[in-house]
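Each remark here refers to the structure printed beneath this line.
The values are calculated or read from the model by the stated rules, or taken from the named source; none is laboratory data. The structure presented is a predicted model; accordingly, all values stated were derived computationally and were not measured. Reconstructed Cβ throughout: ideal geometry from the backbone, glycine too, with neighbour counts over all protein chains shown.
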Amino acid sequence: MFRNVVVVGFVFFVSISSIFGQFVFGPKTALTLSFAKAETLLFDDPFDYLLYEVFFIDEDVSPSFGLFGRLMDDNLYLQTEVNYFTTSSNFKYINWEESTTPQFNETKTTHFLSLPVTAGIYIQNFKFGVGPIFSFILYENEIFKEFKYFKERRKYLESGFTFNAGVSFYRLDVDFRYEFHFNRVADYFVFQEFQSGFGQSPGYLSVILGYQF
């Protein structure tokens, strides 16, 4: 399915570029910093006795690799991308049902395929744009399996919004991107059939290098 979407999008860009403007494409890579902050969740039983304490510690984002296509017409541009990366969300939890060694550490590793779409203005070698981003979850490991009343119920599509600024040097693109995601951190936690998760929504800052063909 994802491959078909990418192929159709590429053919669409190539087709309209011959009519409306210049089309460039190429590989890209990015380094990303997560702004997710440490936070704690408490889970009680029906009698208000504390069962679990879950601590979100931090999130690491791997370098991303992908392809971009950009259509330019006068001072306007439209760009789409396909990027692969992983996130590692680090948790610590205390299971008060355990009488010995109740504290554990877990890392949830999630593999993403993201599709940002950016529209904006192109002035000389500088570009500024905004647009939505859609992130598909390809695979992730399950944690907290031994929690009696605890489940993970993840949506496999996340969305957000991006703000971009960049500059081009001959065929090299250097971009800065800020992403705000609409989902909350660990909102896939389900405790006693109630959706849980932390209060914050993740934000990311990326430095991106691309090469134009």
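Before moving on, here are some points about what is shown:
- Number of residues in the range 135-150 that are closer than 30 Å to Tyr77 by Cα and surrounded by 14 or more Cβ atoms within 10 Å (Cβ to Cβ): the value is 3.
- Positions within the range 71-85 being among the charged types (D, E, K, R) and either surrounded by fewer than 16 Cβ atoms within 10 Å (Cβ to Cβ) or over 26 Å from Phe126 (Cβ atoms) (or both), in sequence order: Asp73, Asp74
- Summed over the range 101-126, residues that are surrounded by 13 or more Cβ atoms within 10 Å (Cβ to Cβ) and either of a type in the set (Asp, Glu) or free of Cβ contacts under 8 Å to residues at least 12 places away in the same chain (or both) total 2.
- When the strands (runs of 3 or more DSSP E) confined to the range 49-152 are screened for residues that are among the hydroxyl-bearing types (Ser, Thr, Tyr), those reaching at least 2 such residues are found at 76-95, 103-123, 126-140.
- Summed over the range 186-209, the residues that are among the β-branched types (Val, Ile, Thr) and modelled with pLDDT of 90 or more give a count of 2.
- Residue tally, condition part of a loop (DSSP other than H, G, I, E, B) and aliphatic (A, V, I, L, M), over the range 167-196: 2
- Here Ile121, Ile133 are screened, and the one residue that is at pLDDT 95 or above and in contact with an Asp or Glu (Cβ under 8 Å, 6 or more places away or on another chain) is Ile133.
- Unmet requirement for Arg153, which otherwise passes all of (1) surrounded by 14 or more Cβ atoms within 10 Å (Cβ to Cβ); (2) under 17 Å from Phe198 (Cα atoms): (1)
- Condition check for Asn164: assigned to a strand (DSSP E or B), more than 30 Å from Phe23 (Cα to Cα), without any contact (Cβ under 8 Å) to a residue 60 or more places away in the chain and of a type in the set (S, T, N, Q): no
- Taken as a whole, the condition of being touching a Phe, Trp or Tyr at 6+ places or on another chain (Cβ under 9 Å), surrounded by 15 or more Cβ atoms within 10 Å (Cβ to Cβ), over 17 Å from Tyr84 (Cβ atoms) and of a type in the set (Phe, Trp, Tyr) applies to Phe198.
- Top-ranked residue in the range 47-70 [being among the charged types (D, E, K, R) and without any contact (Cβ under 8 Å) to a residue 40 or more places away in the chain; ranked as surrounded by the fewest Cβ atoms within 10 Å (Cβ to Cβ)]: Asp48
- Per the listing Ser64, Ser88, the residue uniquely over 24 Å from Gln124 (Cβ atoms) and touching a Phe, Trp or Tyr at 6+ places or on another chain (Cβ under 7 Å) is Ser64.
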